[in-house]
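Novice: Input: one structure, supplied below.
The values are calculated or read from the model by the stated rules, or taken from the named source; none is laboratory data. Quick caveat: nothing in here was measured; it's all calculated off a predicted structure. We place every Cβ from the backbone using ideal geometry, glycine too, and count neighbours over all the protein chains shown. Ligands, DNA and RNA are stripped out before the accessible areas are found, and what is left, the full protein with its side chains, is counted by its heavy atoms. Shrake-Rupley method; radii C 1.70, N 1.55, O 1.52, S 1.80 Å.
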Amino acid sequence: MKNIAPAISIPTGLGDHKPQNQAVLDWVHEVELLMAPENIFWCDGSDREHGFLLDQATDQNVLIKLNEQKVPRSYLHRSNPNDVARVEQFTFICTPTKEQAGPTNNWSDPGATYSKLRGMLEGAMRGRTMFVIPYIMGPPDSPLTKVGFEITDSIYVVLNMRIMTRMGEIALKRLGHNPAAEWNRGVHSLLDVDPARRFICHFPQDNTIISVGSGYGGNVLLSKKCLALRIGSYLARKQGWLAEHMLILGVESPEGKKHYVAAAFPSACGKTNFAMLVPPRHFAGWKVTTVGDDIAWMQIRNGRLFAVNPENGYFGVVPGTSFKSNPNAMTSIERDTLYTNVALTADDDVWWEGKDGPPPDCAVDWRGNEWTPASTEKAAHPNSRFTAPCRNNPVLDPDFEKGEGLPISAIIFGGRRSDTMPLVFQARDWEHGTYIGATMGSETTAAATGAVGQVRRDPMAMLPFCGYNMGQYFQHWLEIGPRLTNPPLIFHVNWFRKSADGKFLWPGFGENMRVLKWILDRCEGHGGGADTEVGTIPRPEDFDLVDLDVTRETMRALFSIKPDEWKRELEAQQKFFDTLGEYMPRPLIAQHDKVAERFAS
Ligand code: GTP
Ligand code: SPV
Ligand code: MN
């Protein structure tokens, strides 16, 4: 299967939908002169265009059409085996000074980086088609919505962007004629998909992204991590709102009382699953609906935080997805889905580790090699992904596109921690909650290249996605609090605590409804709790365990706060805070010291 493909021939009446905005036309022309493509395809987002591009992608062997009966209108793509996840070590924030990017980001000088990239991009699209993708992030009528343009030589990127964003004509309308309008410039080229020439570079001051040498997910769908989070967080600080790596869900009681909750968990730590949660039988009558599964843009209205999901699709982790773990995701990916790096069965269906039913007797693995259940390699890559439209989700929230956003009652932070962190605890107030978010730790996952399973600090799940100095980001959070007359309550969860023999203590998935229920009780003001060194935890009588096969002893283990583990935890937090130097806000240091004192007394 191919990643790089030669130019397509463009039939008349397609690929010629240019914007009226002179600034965009000038920029595209400049990029064209540099990259020297064979031809240019201006995307309009129409169905006719979509059909044409799918045909081209299958003809060029960039996509394999899947079994039309089993997964209608769906396709498989295999990325280069050297290119299967985000590359944090090659991701750069190019601000005028290194301090502006801060110590948690890779920094490089904007001038030098532009010249280096210009050198790599010179003639890079010779013999290829240059696609221009206009798109918006955010609901069509939201004041938060942003316009972006992505130039790419990957037809796979175009087809993914069509699902992940609102693409085409809608963006040209939103942009209008004003050459001074705010819009994001994104340039992507596969080059030769060589890890030695792979860079994901952000120029926040110029609202510009340049990504080269990769064809995978978060590296190349520039709307997502690059615009909605890295550039987004920079703009959010300047403009007084929040761009966060958070799911948004709605939860409605049998009496019809509805709350919205946003939750920040690091990559591959359960956002999509939580956003699509199916309440267990004991919670009959409760409804959970999905607003978003990865990104939340939040603004202050009438003293409350209101959130929108800027995306239009899900780019979700495939392995482990089943009708048992996440039936709503399974229904979402039954049709109109692009699969990346899963296994292909003999009847052109898809398979992955953790899918319902027995494994196929033989299949083609994500690398394109023959696979059987006896193989030692995985059939699907651990970071294999689905791209599916939000519209496919049976529990999509009816107000998913509400422009003003949805009022957030609670913010939940959570990491993947085998030890230390209890199942759930609550912060005292906004400032304490900001401290809890700022000190989040989590074990690394396959979503980024590098070692898996190592605890690192991942503040607010934004370590790889904050487009400026992390200390200033914390300060921005602290400044939001006092502007809220009705701030969300803040919680921390951990679905991943393990027993001494290495098994998850908590069943997770749908059963996380029990944790969510306690959180809602707290929001409603009638849930009880007990004060601990780290925050408020539910007492046994506050936490609904009816119909659940978890022993009291396990529950005690899930909620245990062990001083020796917390001693190490507080040291790790301190070490991280120290790296931020003078940018580290004092109130958060004071919060840390207060917890340390409580353990000491
Ligand atoms: P990104 O798309 O990378 O941002 O990931 P995400 O945060 O949306 O994570 P996702 O929901 O896709 O889950 C990632 C992995 O965690 C999958 O393998 C899930 O099966 C697993 N997972 C999710 N929720 C739970 C849970 O409650 N308990 C356990 N044990 N595993 C879970
Ligand atoms: C993540 O890593 O948090 C993702 C997947 O959501 S990617 O879009 O590849 O960054
Ligand atoms: Mn994510």
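Novice: Over the chain, give the accessible area per residue in Å² for a 1.4 Å probe, as an integer.
Specialist: 37 Å²
Novice: log10 I(q)/I(0), Debye, Cα-only the range 52-181, no solvent, q = 0.13, 0.17, 0.22 Å⁻¹?
Specialist: The calculated log intensity ratios at q = 0.13, 0.17, 0.22 Å⁻¹ are -0.85, -1.26, -1.30.
Novice: Would you calculate, for the chain, the mean residue ellipticity at 222 nm contributed by helices, counting each DSSP H stretch of 4 or more residues as -39,500 (n - 2.57) and dividing by all residues, to the nearest 500?
Specialist: Dividing the helical sum by the residues of the chain leaves -7500 deg cm²/dmol.
Novice: Could you tell me which of rounded, prolate or oblate describes the range 214-297, using a ≥ b ≥ c as the square roots of the eigenvalues of the alpha-carbon gyration tensor, with rounded for a/c under 1.5 and, failing that, prolate when a/b is larger than b/c and oblate otherwise?
Specialist: It is oblate, given that a/c is not under 1.5 and a/b is not larger than b/c.
Novice: So how do 66-74, 268-276 stack up, highest first, on mean other-Cβ count within 10 Å?
Specialist: 268-276, 66-74
Novice: Using a 1.4 Å probe on the protein chains only, how many percent of the accessible area of the range 168-248 belongs to carbon and sulfur? Kindly include the intermediate steps, with their values, before the conclusion.
Specialist: Numbers: 1080 of 2100 Å².
Answer for the range 168-248 is 51 percent, counting heavy atoms of protein chains only.
Novice: Let me ask something additional. Nothing charged except the Cβ atoms of Lys and Arg (+1) and of Asp and Glu (-1): what's the magnitude of the dipole of the chain about its Cα centre? Round to the nearest 20 debye. Don't skip to the end; give the middle numbers.
Specialist: Details: 63 positive and 71 negative charges, 137 e Å.
For this selection, approximately 660 debye.
Novice: Something else: Relative to the compact-globule scaling 2.2 N^0.38 Å, provide the ratio for the alpha-carbon radius of gyration of the range 119-224.
Specialist: Ratio of Cα Rg to 2.2 N^0.38 Å: 1.07.
Novice: What length, rounded to one decimal in nm, is gained on full extension from Thr532 through to Thr331, with 0.36 nm per residue of separation minus their alpha-carbon distance?
Specialist: 68.2 nm
Novice: In whole angstrom, note down how far apart the Cα centers of the range 500-551 and the range 238-282 are.
Specialist: 17 Å
Novice: What's the angle, to the nearest 10 degrees (0 to 90), between helix 47-59's Cα axis and the longest principal axis of the chain?
Specialist: Around 80 degrees separate the two axes.
Novice: For the range 329-428, what class follows from the C-alpha gyration tensor (a ≥ b ≥ c being the square roots of its eigenvalues): rounded when a/c is under 1.5, otherwise prolate if a/b is larger than b/c, else oblate? Provide the component values of the computation, followed by the final result.
Specialist: On the way: a/c = 3.36, a/b = 1.57, b/c = 2.15.
Verdict is oblate for the range 329-428.
Novice: Here's a follow-up. With +1 assigned to the C-beta of every Lys and Arg and -1 to the C-beta of every Asp and Glu, and no other charges, what is the dipole magnitude of the range 1-140 about the Cα centre in debye, to the nearest 20?
Specialist: 420 debye
Novice: What area, in nm² and to one decimal, does the C-alpha convex hull of the chain cast on average over all directions?
Specialist: Quarter of the Cα hull surface area: 26.2 nm².
Novice: Something else about it: How long is the gain from Lys258 to Met1 if the chain were fully straight, where each residue apart is worth 0.36 nm and the alpha carbon distance is subtracted?
Specialist: Contour length minus the Cα-Cα distance gives 87.8 nm.
Novice: How big is the charge dipole of the range 173-267 about its Cα centre, in debye rounded to the nearest 20, if each Lys and Arg gets +1 on its Cβ and each Asp and Glu gets -1 on its Cβ?
Specialist: 160 debye
Novice: May I pose another question? Counting only protein chains, not ligands or nucleic acids, how are His50, His592 ordered by accessible area (probe 1.4 Å), most first?
Specialist: Sorted descending by solvent-accessible area, the residues read His50, His592.
Novice: Then there's this: Give the distance, in whole Å, between the Cα centre of the range 76-90 and the Cα centre of the range 384-406.
Specialist: 26 Å
Novice: Using θ = phi - 60° and the Karplus curve 6.51 cos²θ - 1.76 cosθ + 1.60, what whole-Hz ³J(HN,Hα) does each residue of the range 542-550 get, with Gly and Pro shown as x?
Specialist: Calculated HN-Hα couplings, in order: 8, 10, 7, 10, 4, 6, 10, 8, 10 Hz.
Novice: Could you rank the peptides 365-377, 404-416 by their average count of other C-beta atoms within 10 Å per residue, with the highest value first?
Specialist: Working: 365-377: 13.6, 404-416: 23.7.
Ranking the peptides 365-377, 404-416 by packing returns 404-416, 365-377.
Novice: With the cut-off at 28 Å, tell me which of the pairs Lys116/Lys575; Lys65/Lys146; Lys173/Lys402; Lys225/Lys402 have Cα atoms farther apart than that.
Specialist: On the way: Lys116/Lys575 35 Å; Lys65/Lys146 33 Å; Lys173/Lys402 19 Å; Lys225/Lys402 22 Å.
Checking Cα-Cα distances, Lys116/Lys575; Lys65/Lys146 exceed 28 Å.
Novice: Right, something else. Computed FRET efficiency, Cβ-Cβ of Phe504 and Asp109, R0 56 Å: what is it to the nearest 0.05? Provide the component values of the computation, followed by the final result.
Specialist: Values: r = 45 Å, r/R0 = 0.81.
For Phe504 and Asp109, the calculated efficiency is 0.80.
Novice: Is the range 265-316 rounded, prolate or oblate when judged by the Cα gyration tensor, a ≥ b ≥ c being the square roots of its eigenvalues, rounded requiring a/c under 1.5 and prolate requiring a/b larger than b/c?
Specialist: Oblate shape, in that a/c is at least 1.5 and b/c is the bigger or equal ratio.
Novice: Hey, another quick one. After finding the eigenvalues of the alpha carbon gyration tensor for the range 226-375, what semi-axes result from the square roots of 5 times each, listed largest first in whole Å? Let's see the in-between values first.
Specialist: Values: eigenvalues 236, 92, 21 Å².
Ellipsoid semi-axes (Å, largest first): 34, 21, 10.
Novice: Sticking to Cα atoms, compute the Rg of the range 315-374 to one decimal and its Dmax as the biggest Cα-Cα distance, whole number, in Å.
Specialist: Values for the range 315-374 (Cα only, Rg and Dmax): 11.3, 32 Å.
Novice: Which is farthest toward the positive dipole end of the chain among Ala451, Ala590, Val534, measuring Cα position about the Cα centre, with Cβ charges +1 (Lys, Arg) and -1 (Asp, Glu)?
Specialist: Result: Ala590, furthest along the dipole toward the positive end.
Novice: Quick check: the distance between the Cα centres of the range 439-459 and the range 298-326, to the nearest angstrom?
Specialist: The range 439-459 and the range 298-326 have Cα centres separated by 21 Å.
Novice: Any idea which of Leu227, Ala346, Ile8 is furthest toward the positive side of the dipole for the chain, if Lys and Arg beta-carbons carry +1 and Asp and Glu beta-carbons -1?
Specialist: With unit charges placed on the Cβ atoms, the residue in question is Leu227.
Novice: Sort the following peptides by mean Cβ neighbour count (other Cβ atoms within 10 Å, averaged over residues), highest first: 31-40, 132-141.
Specialist: 132-141, 31-40
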